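The values are calculated or read from the model by the stated rules, or taken from the named source; none is laboratory data. Given the structure is predicted, the values throughout are model-derived calculations rather than measurements. Cβ placement follows ideal geometry from the backbone for every residue including glycine, while neighbour counts extend to all protein chains displayed.
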């Protein structure tokens, strides 16, 4: 006898047939892997990919240069795997850009690169240099005005965007599910009070509310996450309220009352699993919105603070290059934002269709 697939299996089959959703899912999975292993993938594995070499600031994509590696005054110990995974590895050497060099006996002489057509001679004993004194580095996406590798900062910046999305979704789902469920299940005065509060928050422009919360909490990494999360629960709460209102009238809820189950058990064990489809769809949408809002806040200077790489902050630092010779410095992080937001929107749309959220048979 042929067994019909379960709801989850049928939804997964529908999701796999949606090319846009699959593409979005692939981009999201790659982004997560990039965020986790950012310091191993980036050319600059120093904390926050913050290796400043002022002489090579504002260079175009594909730029190459030889660098003399000089030992630092104090020895830098090698970081372990997990330490590097979380916060990178401090550079054990200074990187000095050079045009040419010669090694004679136990000393190295080089022409230090200062600017286009400008250099000065330098000399160091080999004992002060790295075992491999000169290395060639290529900057795939160019360098910013401080001479930092743009590609490395984009890779490490993926962490900020995914983190803000994840924490925002957790905060917004927690508050939205709680208040929406209470309003929909108990109705009456409880519903009126919660809906009044929701409408007050709803009437305040999102960016203005984020500014107010950010000013109250202060600037910083965690503050911006909480600020964005506290502004995005409203649409979750409204959706959950509507879904709970519809579910509480169904026969299985009458059965839970007849069996004497508590309201808390009825909501969590019986209602929530049946309304998770629409909630997951709105969570994917909130994830995309949070990434854009965080980038906007960082661009305005009230989000993530330097030297931590945020895509919005990178656009702010380099947007004046758009009208000069090197627009890619600002466009590269912009493309990264666009790609990740598009991936979440495609995945959200595919999820909506797969879970029959629109009531499609």
message = I'd like the residue in the stretch 89-113 that is exposed (fewer than 13 other Cβ atoms within 10 Å of the Cβ) and touching a helix residue (DSSP H, G or I) at 6+ places or on another chain (Cβ under 9 Å) and, out of all such residues, is farthest from residue 51 (Cα to Cα).
response = 105
remark   = Subset of the stretch 325-356, residues touching a residue at least 24 places away in the same chain (Cβ under 8 Å) and either surrounded by fewer than 15 Cβ atoms within 10 Å (Cβ to Cβ) or part of a loop (DSSP other than H, G, I, E, B) (or both), comes to 325, 326, 339, 355, 356
message = For the stretch 295-308, check the following and say yes or no: at least one residue is surrounded by fewer than 18 Cβ atoms within 10 Å (Cβ to Cβ) and at positive phi.
response = yes
query = If only one of 244, 292 is in a helix (DSSP H, G or I), closer than 23 Å to residue 8 by Cβ and touching a residue at least 24 places away in the same chain (Cβ under 8 Å), which one is it?
reply = 244
Considering residues of the stretch 228-241 that are modelled with pLDDT of 90 or more and assigned to a helix (DSSP H, G or I) only, the residue farthest from residue 162 (Cα to Cα) = 241
request  = Determine whether residue 23 is outside the structural domain of residue 81 (by TED's automatic domain parsing), under 30 Å from residue 79 (Cβ atoms), modelled with pLDDT of 90 or more and surrounded by fewer than 19 Cβ atoms within 10 Å (Cβ to Cβ).
outcome  = no
inquiry  = Can you tell me which condition residue 361 does not meet? The list is (1) within 18 Å of residue 146 (Cα to Cα); (2) assigned to a loop (DSSP other than H, G, I, E, B); (3) at pLDDT below 85, and all the others hold.
reply    = (1)
query = Is it fair to say residue 190 is touching a helix residue (DSSP H, G or I) at 6+ places or on another chain (Cβ under 7 Å) and under 21 Å from residue 337 (Cβ atoms)?
reply = no
request  = Would you confirm whether any residue within the stretch 192-204 is without any contact (Cβ under 8 Å) to a residue 60 or more places away in the chain, farther than 17 Å from residue 295 by Cα and buried (at least 19 other Cβ atoms within 10 Å of the Cβ)?
outcome  = yes
query = Name the pairs: first residue in the stretch 101-130 and on the phi > 0 side of the Ramachandran plot, second residue modelled with pLDDT of 90 or more and part of a strand (DSSP E or B), Cβ to Cβ under 7 Å, at least 6 apart or on different chains?
reply = none
remark   = Of 74, 60, the only residue that is assigned to a loop (DSSP other than H, G, I, E, B), under 30 Å from residue 109 (Cα atoms) and more than 29 Å from the chain's Cα centre (by Cα) is 74
request  = State whether one or more residues within the stretch 65-85 are crowded, with 17+ Cβ neighbours inside 10 Å, over 30 Å from residue 284 (Cβ atoms) and free of Cβ contacts under 8 Å to residues at least 40 places away in the same chain.
outcome  = yes
ask   = Do you know which of the residues in the stretch 247-256 that are without any contact (Cβ under 8 Å) to a residue 12 or more places away in the chain and surrounded by 12 or more Cβ atoms within 10 Å (Cβ to Cβ) is farthest from residue 279 (Cα to Cα)?
value = 255
